[in-house]
1. Just reorder Trp26, Trp255 by solvent-accessible area, largest first, 1.4 Å probe, all chains present.
2. For the range 201-306, with every protein chain kept in place, what is the accessible area per residue (1.4 Å probe, Å²)?
3. Rounded to the nearest 0.05, what FRET efficiency do Arg202 and Tyr73 have when you use their Cβ-Cβ distance and R0 = 45 Å?
4. For the range 192-291, what class follows from the C-alpha gyration tensor (a ≥ b ≥ c being the square roots of its eigenvalues): rounded when a/c is under 1.5, otherwise prolate if a/b is larger than b/c, else oblate?
5. When the accessible area of the range 108-203 is computed with all protein chains present and a 1.4 Å probe, what percentage of it is carbon and sulfur?
6. How much of Glu104 can a 1.4 Å solvent probe reach, expressed as accessible area in Å² and rounded to 10?
7. Going highest first, how would you order 311-323, 257-269, 133-145 by mean Cβ packing within 10 Å?
8. Kindly write out, for the range 238-247 in residue order, the coupling ³J(HN,Hα) from the Karplus curve 6.51 cos²θ - 1.76 cosθ + 1.60 (θ = phi - 60°), rounded to whole Hz, with x marking Gly and Pro.
Amino acid sequence: MMLVVVLAAALWGLGAMMRVPRSARWMIIALLLVAVIGVQLVFPDGHPLRTATGGSAALWLIVIGMGALVWVYSRFIVRLRARTGVDAKPPASAAPRQGGSFSESELNRYARHIVLREVGGAGQKALKNARVLVIGAGGLGAPALQYLAAAGVGTIGVIDDDTVENTNLHRQVIHKDGSIGMAKVFSAQAEMQAQNPFITVRPYNRRLDENIAPELFAEYDLVLDGTDNSATRYLVNATCVAGGLPLISGALSQWEGQLSVFDPARGAPCYQCIFPQAAAAHLAPSCAEAGVIGPLPGVVGAMMAVEAVKIITGAGTPLRGQMVIYDALYAENRSIRIAPRGDCPICAQTRA
């Protein structure tokens, strides 16, 4: 048997010196094995040539079978890496990659997503390549930003002109006591990148207005609105409709939250279809005036992040044409159907 191994090594080395292609060298080795098996089958027991080449055809068949199993397994691993976006030979560095590919560290981080049938490797790639803009880094923005970052959304923009205050901290959990006085977008950025260094966070420390909204929104695929200002909500809605962007909108009051996906480009109503006019101030008081239970923004903000993940990955059924209303005080969760208005001044002409 040793004679065959030495002969195979010599043929491989000679082929390498002569720059014979690897595939041709494997073919030569395969022909050598066929010849050896032929010797075992043709020559009688005890023949010197048969003894020198192993003495048994069964032995070589076992070797060939084991080699075939190793080859099949290696090809399976290569295909699996390609399917999940991991390079066959990932670099030692765990730095983020471009173009949707993953390092080994990222693959391990997102393993529970990738094993989900509805997400898989393709869905996680879509998350990595997605660009999501979050309006507001307050009660709803805080949990939404945290979960978008944790989920591996590749580029997350956050716009807010406010600073962290002590009164924010019972519900805006992305901010810490040491961040009081800091701009919310920078506080959120630091926490998001500490949680997931594989993402890019773009902070915009300013108020959203009609001068910058169209250009800013054009850089993103999806918008989440967690503001408590009516004028901003209508501006966000109009800009999303004009750009054909899905809008995930959430709202809070005391013990109750609501959530929907406004997306006229895909047949759903826009925000102004459902709320044609801003509510009077006394009917929709702010959290500072009416109060809000601390965990409620976490519930609704996390649901907003789930809707974003579903839209990006194509999983499940997003809340287009539906509004979820969550009553934390009585532990009730309702879903109501909402429909476009034919006379809506914002989306009637653009609806699919």
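1. Trp26, Trp255
2. Working: 4560 Å² over 106 residues.
Value for the range 201-306: 43 Å² per residue.
3. Details: r = 43 Å, r/R0 = 0.95.
With a Förster radius of 45 Å, E is 0.55.
4. Oblate, because a/c is 1.5 or more while a/b does not exceed b/c.
5. C and S fraction of accessible area: 50 percent.
6. Rounded to the nearest 10, the figure is 80 Å².
7. 133-145, 257-269, 311-323
8. Values per residue, Gly and Pro as x: 4, 5, 5, 4, 4, x, x, 9, x, 10 Hz.
The values are calculated or read from the model by the stated rules, or taken from the named source; none is laboratory data. Nothing here was measured: the structure is a model prediction, and the numbers come from that model. With ideal geometry, Cβ positions are generated from the backbone for all residues, glycine too; neighbour counts draw on all protein chains shown. Surface areas here come from the heavy atoms of the whole protein model, side chains and all, with no ligands, DNA or RNA. Shrake-Rupley method; radii C 1.70, N 1.55, O 1.52, S 1.80 Å.
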